[in-house]
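All remarks here apply to the structure that follows.
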Amino acid sequence: MECLVYRDAASGAWSMLYDGIEGFVYDPNYAVELEVRTERVENPPADGSSIRYIQVRETARHRVQKLDGVINDSWGVVELNGRPLQKTENIFFEINQRTQRVLGRGGCNQFSAPFRLYDSFYKGIAVGVLEHTEMACDQLELEQEFFIVLGTVNRIDFANAEVRLLHDEEVLVRGLRID
């Protein structure tokens, strides 16, 4: 199900909004900052929200930038939580825009998860529920750490042949282009 992704101005937390906003027309080419007011809905339908969202005004509109140079490339993880990794640890991932999935190998097991890019400069990313194979190996603790980290990533940054996955300003994963 598609939904709007929004950030609460007071808390700064990102959330998903499955209802529409009256007066707002979504355009996937733009990230928009809105002032929105809410009203309680008296006697809402059983499958409806008890809150109505209404656009007061648009405060900013930014053209969305594409992740050319990051999407559909493979990245070998060279650092996890500030610790350098060796190539032999065999952790890599690809961010695939066509399928909207991040996929790869966690060291032992193959994995795949949906992802969502958000904010005006595509620096916000949310990785969904991870699916993976369950083979045993000597690196399971490292792999589990990598899988947990992927679930906490909320920003992506890239330059030249390096990608960084972050939580706010903290670099969690650093990868180098391998294809």
Completion exercise
When the range 39-49 is checked residue by residue, the ones that are surrounded by 12 or more Cβ atoms within 10 Å (Cβ to Cβ) and of a type in the set (S, T, N, Q) are 49
Completion exercise
Output for Cβ contacts, cut-off 6 Å, separation at least six or different chains, first residue of a type in the set (D, E, K, R) in the range 121-143, second part of a loop (DSSP other than H, G, I, E, B), reads 143/107; 143/108
Exercise for the section: Test residue 12 against the stated conditions and say whether it is free of Cβ contacts under 8 Å to residues at least 60 places away in the same chain, in the same structural domain as residue 150 (by TED's automatic domain parsing) and not aliphatic (A, V, I, L, M). Expected result: no
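I'd like the residue in the range 3-29 that is in a loop (DSSP other than H, G, I, E, B) and aliphatic (A, V, I, L, M) and, out of all such residues, is surrounded by the most Cβ atoms within 10 Å (Cβ to Cβ).
21
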Problem - residue 28 vs. criteria of a type outside the set (Ser, Thr, Tyr) and either closer than 21 Å to residue 172 by Cβ or at pLDDT 90 or above (or both) - result: no
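Counting only residues that are over 18 Å from residue 60 (Cβ atoms) and out of contact with any Ser or Thr (no Cβ under 9 Å at 6 or more places or on another chain), how many does the range 18-41 have? Show your work before the answer.
If we filter the range 18-41 for residues that are over 18 Å from residue 60 (Cβ atoms), which is where we start, we get 18-20, 22, 38-41.
Now drop any that are not out of contact with any Ser or Thr (no Cβ under 9 Å at 6 or more places or on another chain), which leaves 20, 22, 38-39.
Within the range 18-41, residues that are over 18 Å from residue 60 (Cβ atoms) and out of contact with any Ser or Thr (no Cβ under 9 Å at 6 or more places or on another chain) number 4.
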Completion exercise
So, first residue of a type in the set (Gly, Ala, Ser) in the range 151-167, second residue not in a strand (DSSP E or B), Cβ within less than 7 Å, six or more apart or across chains; the pairs are 151/130
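The values are calculated or read from the model by the stated rules, or taken from the named source; none is laboratory data. Everything numeric in this text was worked out from a predicted model, so none of it was measured. When we count neighbours, we look across all protein chains shown, and the Cβ atoms used for this are built from the backbone with ideal geometry, even at glycine.
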